[in-house]
Amino acid sequence: SAMTRQLLSPLIACCALTAVLVGCGKSAAPAVHGKVTLDGESVAMGSIQFFPQGNIKTKAAAAIEQGSYMVPATDKLEPGKYRVQINWMKPTGKKISSADPGITADEMREAVPAKFNTASTLTAEIGAGDTKKDFALTSK
């Protein structure tokens, strides 16, 4: 009906304008991405966390999959210095019994040394805009 079109036209125009304004604006927050390896092996499935240092307030975390991670700009990491924690629960190769009778599960253990997670000395400087940060960790 004509009434419906009259009501919807301004709404559609407003939505289109919002999409244009949001799409064209350069995000002030950086996207952070990169690769994570331990002794040259890609971290298959783990996590990476960025904890703010100094006056920065934002923190972020991302999954590591097949050695890669991505913290999107929408997480609003501020440029600056962060303490980084990396975890990788890796199968040991042993099977352990689960709570369900007759079912076993892979035994898992933290593969990344404490100096890169719970007692992390790892830091990263995040710049403005798109930031690539690779972490090549060693267990020694």
Item to check | Extended-chain gain in nm, criterion 0.36 nm per residue less alpha-carbon gap, Met89 and Lys35 | outcome: 17.7 nm
Checklist entry - At a Förster radius of 30 Å, what calculated FRET efficiency corresponds to the Cβ-Cβ distance of Lys76 and Thr138, to the nearest 0.05? => result 0.40
Checklist entry - How much length is gained if the chain between Ile103 and Lys115 is pulled fully straight, taking 0.36 nm per residue apart and subtracting their Cα-Cα distance, in nm to one decimal? => result 0.9 nm
Checklist outcome for this item: Evaluated at 37 °C and 0.692 mPa s, the Stokes-Einstein D of region 69-140 based on the Kirkwood radius over Cα pairs, in µm²/s, stands at 218
Checklist entry - Considering only Cα-Cα distances, which of the following residue pairs are longer than 24 Å: Lys35/Lys76; Lys59/Lys94; Lys81/Lys115; Lys81/Lys132; Lys35/Lys90; Lys35/Lys115? => result Lys59/Lys94
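No lab work stands behind these numbers, since they all come straight from the coordinates. If you're wondering where the values come from, they're calculated on a predicted model, not measured in any experiment. Note that each Cβ is placed from the backbone with ideal geometry, even for glycine, and that neighbours are counted across all protein chains shown.
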